[in-house]
Amino acid sequence: MTDSTRDEPDVQRADPRMLILDTSIKVLFPSILVLAVYFLFAGHNRPGGGFVGGLMVGAALALRYVSGGAEAVRTTFRLPAHVLLGTGLFIAAATAFVPLLFGESILEHGDIEFDLPVFHHVKVTSALPFDVGVAIVVIGLILMAFAAFGDERSDQPGAEDDGSDNQRAKLWVRR
Amino acid sequence: MNALIPLPVIVPLLGAALCVVAARARMVQRVISLAALTSNVVVSIILFIRVDDDGMAVTQAGGWKAPLGITLAVDRLAAVMLVVSSLMLLWVLVYAIGQGAEESRFAAFNPVYLVLAAGVSASFITGDLFNLFVAFEMMLVASYVLLTLGGRPGQVRSGMSYVVISLIASTFFITALALIYAATGTVNMAELAERTPELSSGVRTGFSLLLIAVFGVKAGLFPLFFWLPDSYPTAPGAITAVFAGLLTKVGVYAIIRSQTLLFPPDAQQGTLLLVVAGLTMVVGVLGAIAQDDLRRMLSFHIVSHIGYMIFGLALFTLAGIAGAVFYVVHHIVVKTALFLVVGLVEWHAGSDRLSRVGGIVRSAPMIAVLFAFPALSIAGLPPFSGFVGKFALVGAGIESSEWVIVAVSLLVSLLTIYVMVRIWSNVFWGEAEDAQVEARMESEAGRVPWVMSAATSVVVAMSLLLMVFAGPLYSFAERTAADLLKPEQYVETVLRGGS
Amino acid sequence: MSVLLAFGCAVLFATGTWMLLQRRLSRILIGVGLMGHGANILLLTSGGEGGESPIIGTAPAADFSDPLPQALALTSIVITFGVTAFLLALGYRSWKITHDDVVEDDVEDRFIASRWSSDQIVEESREAEREQAADEDRL
């Protein structure tokens, strides 16, 4: 993982960039993220939820992969994929665990309702942190999948030594 | 106390999450994993003591009443399984840390290992058939990763067949669940126990057989065991010990649970299970005799001993089930100990082939001693716990006048002694037949790290404790069997007595 | 509707089983996937006839479809999906190592067999398997 490729993701690419694709993805990417956030919050009573929200972000990342390759996916988030994965899992598991501290049973949930200036009446359930956790887990997983398999240079057999996996998967192998 | 029930699942999961975040800091990961597994041991022991004194503990996830919510229940059987499994998981992790190979090379080891621990605990405490499926998957997915960690060609090959076989078994599990839900309208085990008597006997028998087949794949019953001796030996050192000791026993636990709880006596497959148990014993031990690789030999040997547990269950008598429960506990500890010793042999000699290794009794007497105790125990020689277990099972068999299976089990005992003697005379006596092996045994490289020996010694000591406390443990097993033969109590506590 | 789903389920199981019996890894993968889908559809049909969406107040309770099998099916779909993804990754790895997707034999089994029978038999059976795999390719 050299730093020169991180600054200029296009240097390594053999094929030229496709202008229409790249431009439309620039517009699509943030809109899909907004939709994902909507799904995440609407999930309690309507179709949606953490898993769906996370998958939407994953789809957006896939679009970025189509245009910019593995490097573009990697530079999308500042946090490393494994930190996202772990944090999400922790949030989700902790949501299940916290009610035990209050003498309730596991996974017990409650809700609060209050008024906000722009959103008017808002109802927040304690299932929301769980959903957020799930969403982050899904995003982390998709990032890792792209890191492990998304590198085009590793697609040709024999491109690297056969015994070891490609460079990105080595994140998980300590030297 | 009921708040303790979910902890053996939740704490390892929280630990796994933290381990993933701390992927780059090995020491932090180790501290987290050891802390999580130690907490599991403490919680399991508290649960064990309380459940044995006060009877079953039940809690409902989300506070929904029994058939609606997911039931988590700990009865005597689940409690003893929790205690033994958490102890084994803890000490095998210590061993793996001492060994340093996969554990320190792969940041994924610790988190995945904790997920495995959570899955194993979840399988024991769940009172819901679908949740059992989820727990199985949690455990299996973790085991897929651990089995193929490193991605060596042999691992990929055997991992592939392991994953495919497990996936097919899971598919059949889903199928069984779908059919059971369609017929009864519930997947809660306690409510199922109330509804299965209303089904026609053919449907009931079908469900019973389907579940035996599904769990039989995980447990390694004849003829569904073929994947086991192929895949277990290729896992990284310490991992094989956990797989051998625990994973198959989770399958046995599921068979015991489903057969005693879900089905009324006329749908229990006594005769079929007896035949299967006999064949499992014979085929397993014959397979073990043919092998040259120590781990494969012992893996075949697991299969053979699964037969004993199923034999006890298949009698469906108090003595039989008590014997089976005792045998499961004994086998988890002793088998884990044996595999840990094999790891020591491998480290010491650089190989685990009978045809290459030899003379360890002189070069590392400590390893020979550590091997001798569990080997004698598993061969069923008095006064070790294996003898107590086999004696109880054979006694139960005679009581039920099942002469054939008693004869088979005695014959298999003899063959087991032969297998152990063969290992002993090839590996520990004689001379090393390979120059490389000989050189390693004499050099510094062959010196086993003290953490590994210490962890193995602890597990071996536990197997000796089983012998010392065989009396109390057996009377506990009898109380467990009495519970299992009276499923009404379980049903009553879950559906009406739970919090 | 249920009959159609049951029929679809049967077809998925049948084709899945056939695929599983092939020696090519890619076909086994597809077979596992098909069987998983079959099982999930079966789970979905286990709730009986479909009906109104089960939200209290939108319809009389008797018209509701059973929500539990849908939740169970969703869970099992996610699990099957995850494991299949893992299997694909493993297949990719296997292809990188061997550049071939025929499921290999257990070397140790061969070794044990060769100790008791002559090497020639082993060689012959290997040859036969290679031919079988080649035949399947032609099909």
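The values are calculated or read from the model by the stated rules, or taken from the named source; none is laboratory data. Worth saying up front: this structure is predicted, and the values here are computed from it rather than measured. Cβ atoms come from the backbone with ideal geometry, glycine included; neighbour counts cover every protein chain shown.
Among the residues of the stretch C:25-82, which ones are modelled with pLDDT under 85 and of a type in the set (Phe, Trp, Tyr)? Within the stretch C:25-82, just C:64 meets the criteria.
Condition check ((1) closer than 30 Å to residue B:270 by Cα; (2) hydroxyl-bearing (Ser, Thr, Tyr)) across all residues:
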| residue | (1), (2) |
| --- | --- |
| B:394 | yes, no |
| B:422 | no, no |
| B:445 | no, no |
| B:457 | no, yes |
| B:464 | no, no |
| B:468 | no, no |
| B:482 | yes, no |
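Taking the stretch C:43-84 only, how many residues are closer than 18 Å to residue C:19 by Cβ and among the aliphatic types (A, V, I, L, M)? So the answer is 1. Residue count for the stretch B:79-114 satisfying the condition of being among the hydrophobic types (A, V, I, L, M, F, W, C), surrounded by 24 or more Cβ atoms within 10 Å (Cβ to Cβ) and within 12 Å of another protein chain (Cβ to nearest Cβ): 2. Residue C:53 meets each of the listed conditions (1) hydroxyl-bearing (Ser, Thr, Tyr); (2) under 22 Å from residue B:169 (Cβ atoms); (3) surrounded by fewer than 15 Cβ atoms within 10 Å (Cβ to Cβ) apart from (2).
Residue B:24 meets each of the listed conditions (1) closer than 30 Å to residue B:347 by Cα; (2) in a helix (DSSP H, G or I) apart from (2). Selection within the stretch B:388-401: residues that are crowded, with 23+ Cβ neighbours inside 10 Å and out of contact with any Gly (no Cβ under 7 Å at 6 or more places or on another chain). The member of this set that is nearest to residue B:472 (Cα to Cα) is B:388. Would you confirm whether or not the stretch B:185-208 contains a residue that is outside any helix (DSSP H, G or I) and in contact with a strand residue (DSSP E or B) (Cβ under 8 Å, 6 or more places away or on another chain)? Yes: the stretch B:185-208 contains one or more residues that are outside any helix (DSSP H, G or I) and in contact with a strand residue (DSSP E or B) (Cβ under 8 Å, 6 or more places away or on another chain).
Only one entry in C:82, C:38, C:33, C:47 is within 26 Å of residue B:148 (Cα to Cα), surrounded by 14 or more Cβ atoms within 10 Å (Cβ to Cβ) and in the same structural domain as residue C:8 (by TED's automatic domain parsing), namely C:33.
Being touching a residue at least 24 places away in the same chain (Cβ under 8 Å) and either of a type in the set (Val, Ile, Thr) or within 14 Å of chain C (Cβ to nearest Cβ) (or both) is a description that applies to residue B:187. Can you confirm whether residue B:165 is under 26 Å from residue A:106 (Cα atoms), in contact with a helix residue (DSSP H, G or I) (Cβ under 8 Å, 6 or more places away or on another chain) and either more than 10 Å from every other protein chain (Cβ to nearest Cβ) or of a type outside the set (Lys, Arg) (or both)? No; evaluated as a whole, the condition is false for this residue.
Being more than 8 Å from chain B (Cβ to nearest Cβ), more than 17 Å from the chain's Cα centre (by Cα), over 25 Å from residue B:180 (Cα atoms) and modelled with pLDDT under 90 is a description that does not apply to residue C:89. Residues considered: B:148, B:126, B:38. Of these, the only one that is closer than 20 Å to residue A:93 by Cα and buried (at least 23 other Cβ atoms within 10 Å of the Cβ) is B:126. Just a yes or no: is a residue in the stretch C:36-47 aliphatic (A, V, I, L, M), under 27 Å from residue B:138 (Cα atoms) and more than 11 Å from chain B (Cβ to nearest Cβ)? Looking through the stretch C:36-47, none of the residues is aliphatic (A, V, I, L, M), under 27 Å from residue B:138 (Cα atoms) and more than 11 Å from chain B (Cβ to nearest Cβ). Screening the stretch B:30-134 for helices (runs of 4 or more DSSP H) wholly inside it with 1 or more residues that are in contact (Cβ under 8 Å) with a residue 60 or more places away in the chain and within 23 Å of residue A:97 (Cβ to Cβ) returns the ranges B:76-99, B:109-125.
Residue B:186 fulfils the conditions (1) crowded, with 23+ Cβ neighbours inside 10 Å; (2) at pLDDT below 90; (3) under 22 Å from residue C:69 (Cβ atoms); (4) not aromatic (Phe, Trp, Tyr) except for a single criterion, (1).
Let's see how each residue does on (1) on the phi < 0 side of the Ramachandran plot; (2) modelled with pLDDT under 75; (3) more than 8 Å from chain B (Cβ to nearest Cβ); (4) not in a helix (DSSP H, G or I):
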| site | (1), (2), (3), (4) |
| --- | --- |
| A:77 | yes, no, yes, yes |
| A:87 | yes, no, no, no |
| A:90 | yes, no, no, no |
| A:131 | yes, no, yes, no |
| A:136 | yes, no, yes, no |
| A:142 | yes, no, yes, no |
| A:153 | yes, yes, yes, no |
| A:159 | yes, yes, yes, yes |
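Taken over the stretch B:45-78, the criterion of being small (Gly, Ala, Ser) and surrounded by 22 or more Cβ atoms within 10 Å (Cβ to Cβ) is satisfied by B:57, B:66, B:73, B:78. Looking across the stretch C:50-79, the residues that are under 30 Å from residue B:149 (Cα atoms) and either at the interface with another protein chain (Cβ under 7 Å from one of its Cβ atoms) or part of a loop (DSSP other than H, G, I, E, B) (or both) come down to C:75, C:76, C:79. The number of residues in the stretch B:264-289 being among the small types (Gly, Ala, Ser) and modelled with pLDDT under 85 comes to 2.
Might you check whether a residue that is touching a residue at least 40 places away in the same chain (Cβ under 8 Å), on the phi < 0 side of the Ramachandran plot and part of a loop (DSSP other than H, G, I, E, B) occurs anywhere in the stretch B:476-499? Checked the stretch B:476-499: at least one residue is touching a residue at least 40 places away in the same chain (Cβ under 8 Å), on the phi < 0 side of the Ramachandran plot and part of a loop (DSSP other than H, G, I, E, B). In the condition set (1) touching a helix residue (DSSP H, G or I) at 6+ places or on another chain (Cβ under 6 Å); (2) in contact (Cβ under 8 Å) with a residue 24 or more places away in the chain, residue C:24 is compliant with all but (1).
Conditions tested, residue by residue: (1) under 30 Å from residue B:296 (Cα atoms); (2) out of contact with any helix residue (DSSP H, G or I) (no Cβ under 9 Å at 6 or more places or on another chain); (3) more than 8 Å from chain C (Cβ to nearest Cβ).
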residue: B:158; (1), (2), (3): yes, no, no
residue: B:183; (1), (2), (3): no, no, yes
residue: B:219; (1), (2), (3): yes, no, yes
residue: B:226; (1), (2), (3): yes, no, yes
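Search the stretch B:168-179 for residues being facing chain C (nearest Cβ under 8 Å) and more than 17 Å from residue B:138 (Cα to Cα), and hand back the single one that is surrounded by the fewest Cβ atoms within 10 Å (Cβ to Cβ). Filtering first and then ranking leaves B:179. Tell me whether the stretch C:103-122 contains one or more residues that are of a type in the set (Asp, Glu), modelled with pLDDT under 75 and surrounded by fewer than 12 Cβ atoms within 10 Å (Cβ to Cβ). Yes, the stretch C:103-122 contains a residue that is of a type in the set (Asp, Glu), modelled with pLDDT under 75 and surrounded by fewer than 12 Cβ atoms within 10 Å (Cβ to Cβ). Residue B:231 satisfies every condition listed in (1) crowded, with 21+ Cβ neighbours inside 10 Å; (2) away from chain C (no Cβ under 14 Å) except (2).
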